[in-house]
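S.K.: Can you read through this structure? Questions will come right after.
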Amino acid sequence: MAIDKKHVKINDRSIESAGITKDYKEAIAELIWNGFDAGATSIEVEFDANEIEHVDQLRIRDNGSGIAHKTLSRTFGTLMDSIKNVSYQRSSYIHGQKGKGRFSFTTFARHATWNTVTNPDGQALEYSITIHSRGKDVYETTDPKLVPTDAPTGTEVILTNLFGVTASSFSNDAFMEFLCQEFGWFLFLNRKNQYTLSINGEELNYSRIIAEYDVFAVILDDESESKSYSFDITFIRWKTRIGDRYYYYFLNQQKREAAKQLTSFNNNPVEFHHSVYVESSFFDDFGVDAEDPG
């Protein structure tokens, strides 16, 4: 299998000073977000450990759209720039924008390989990308090969030669609490579309950080169109700070986020951690604008 080596358009010293996280929990979160950014609805984090809790490898698998081969020069070939910068809109479905997430593995692993299946223009391709922590300015790719057009798309990131972590690092209460804070609001936002995040086959139970919630409906008349709209509203107060600012999330009839708007409590010193989800067919024709600066 032919290996092609390509250089990242930034030197190794700059990679070190680019704000790459030093926390393994944040590093894993970056890789998980990359999956959700790619349209994944299911992400699985898996690891195996021996009797002394040594972890040989960590795998993060998603069912997203895969990594497009023709855009590798943007997605893997540059740092502090990303194709997501071009496509970014006011949406919770695009998280990373600087292209730093792919280097986050260096916090606790020596090697990372992305095995991906993508299907641009009805042609399914499979290939791999590898980065070594000691040569972060180079990424290696295998030649893409054709696979059956009905092959499921997605990406599996395999991290090997781990250091500074053990099996308990990925299963202790602090790690689970972190994942709940980081992803709980997003999973709740997409709960009706059955989004999941699992650790070794066990689905993340983010309800542990919900202090209280209330669900109610409001019906409003649109006199200009002589019709009424029903709005299903869910208010959540979280026990702790979450991985997003405090928003009203507006969902259309397909249960997808049409837009979001900051609540008035974001700059309030009171520790009031909350989210509000509003679902209605009224938002079916909403366009997504630039981020509301609040």
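The values are calculated or read from the model by the stated rules, or taken from the named source; none is laboratory data. What you see is a predicted model, and the numbers here were worked out from it, not measured in a lab. Reconstructed Cβ throughout: ideal geometry from the backbone, glycine too, with neighbour counts over all protein chains shown. Remember, those area values only see protein heavy atoms, side chains included, never the ligands or the DNA or RNA. Shrake-Rupley method; radii C 1.70, N 1.55, O 1.52, S 1.80 Å.
S.K.: Looking only at the range 176-187, which residues are under 15 Å from the mean Cα position of the chain (by Cα) and open to solvent by 20 Å² or more (accessible area, probe 1.4 Å)?
M.R.: In the first step, residues of the range 176-187 are kept if they are under 15 Å from the mean Cα position of the chain (by Cα); the result is 178-187.
Listed by number, the residues that qualify are Phe178, Gln181, Glu182.
Residue-by-condition table, conditions (1) open to solvent by less than 40 Å² (accessible area, probe 1.4 Å); (2) modelled with pLDDT under 85; (3) closer than 27 Å to Asp143 by Cβ:
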| position | (1), (2), (3) |
| --- | --- |
| Lys6 | no, yes, yes |
| Glu16 | no, yes, no |
| Ile32 | yes, no, no |
| Gly39 | no, no, yes |
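S.K.: For the range 208-239: of the residues being in contact with a helix residue (DSSP H, G or I) (Cβ under 6 Å, 6 or more places away or on another chain) and open to solvent by less than 50 Å² (accessible area, probe 1.4 Å), which is modelled with the lowest pLDDT?
M.R.: Ranking the candidates gives Tyr229 first.
S.K.: Is there a residue being among the aliphatic types (A, V, I, L, M) and under 22 Å from the mean Cα position of the chain (by Cα) anywhere in the range 206-216?
M.R.: Yes, there is a match, as at least one residue in the range 206-216 is among the aliphatic types (A, V, I, L, M) and under 22 Å from the mean Cα position of the chain (by Cα).
Residue by residue, here is whether (1) at pLDDT below 95; (2) under 18 Å from the mean Cα position of the chain (by Cα); (3) under 18 Å from Leu72 (Cα atoms) holds:
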residue	(1), (2), (3)
Tyr93	yes, yes, no
Gln97	yes, yes, yes
Arg110	no, no, no
Asn115	no, yes, yes
Gly122	yes, no, no
Ser128	no, no, yes
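S.K.: A further question follows. For the list (1) at pLDDT below 95; (2) farther than 14 Å from Arg191 by Cα; (3) in contact with a strand residue (DSSP E or B) (Cβ under 6 Å, 6 or more places away or on another chain), I need the number of the one condition that Asn267 fails.
M.R.: Among (1) at pLDDT below 95; (2) farther than 14 Å from Arg191 by Cα; (3) in contact with a strand residue (DSSP E or B) (Cβ under 6 Å, 6 or more places away or on another chain), the lone unmet condition for Asn267 is (3).
S.K.: Is it true that some residue in the range 167-175 is outside any helix (DSSP H, G or I), among the aromatic types (Phe, Trp, Tyr) and open to solvent by less than 10 Å² (accessible area, probe 1.4 Å)?
M.R.: Looking for residues that are outside any helix (DSSP H, G or I), among the aromatic types (Phe, Trp, Tyr) and open to solvent by less than 10 Å² (accessible area, probe 1.4 Å), one finds none in the range 167-175, hence no.
S.K.: Can you work out which of the residues in the range 240-251 that are open to solvent by less than 50 Å² (accessible area, probe 1.4 Å) and closer than 15 Å to Glu271 by Cβ is nearest to the chain's Cα centre (by Cα)?
M.R.: Ile242
S.K.: Hey, any hits in the range 47-55 for a residue that's part of a helix (DSSP H, G or I) and more than 14 Å from Glu156 (Cβ to Cβ)?
M.R.: No, the range 47-55 contains no residue that is part of a helix (DSSP H, G or I) and more than 14 Å from Glu156 (Cβ to Cβ).
S.K.: Separate question: Out of Phe286, Phe272, Phe265, report the one residue that is closer than 20 Å to Asn193 by Cα and assigned to a loop (DSSP other than H, G, I, E, B).
M.R.: Just one listed residue meets the conditions, Phe286.
S.K.: While we're here: Name every residue in the range 189-205 that is modelled with pLDDT under 95 and not in a loop (DSSP other than H, G, I, E, B), in order of residue number.
M.R.: Leu189, Arg191, Lys192, Asn193
S.K.: Checking Asp232 against (1) on the phi > 0 side of the Ramachandran plot; (2) more than 18 Å from the chain's Cα centre (by Cα): exactly one of these is not met. Which one?
M.R.: All conditions are met except number (1).
S.K.: Output the qualifying pairs, or none if there are none: Cβ atoms under 7 angstrom, residues six or more apart or on different chains, first residue in the range 166-195 and small (Gly, Ala, Ser), second residue part of a helix (DSSP H, G or I).
M.R.: Going by the 7 Å Cβ cut-off, the qualifying pairs are Ser169/Tyr24; Ser169/Phe175; Gly184/Tyr206; Gly184/Ile209.
S.K.: Kindly indicate which of Thr71, Thr106 is open to solvent by less than 40 Å² (accessible area, probe 1.4 Å), at pLDDT 90 or above, farther than 30 Å from Gln261 by Cβ and part of a helix (DSSP H, G or I).
M.R.: Thr106
S.K.: Considering only the range 148-166, how many residues are out of contact with any His (no Cβ under 9 Å at 6 or more places or on another chain) and open to solvent by 30 Å² or more (accessible area, probe 1.4 Å)?
M.R.: 8
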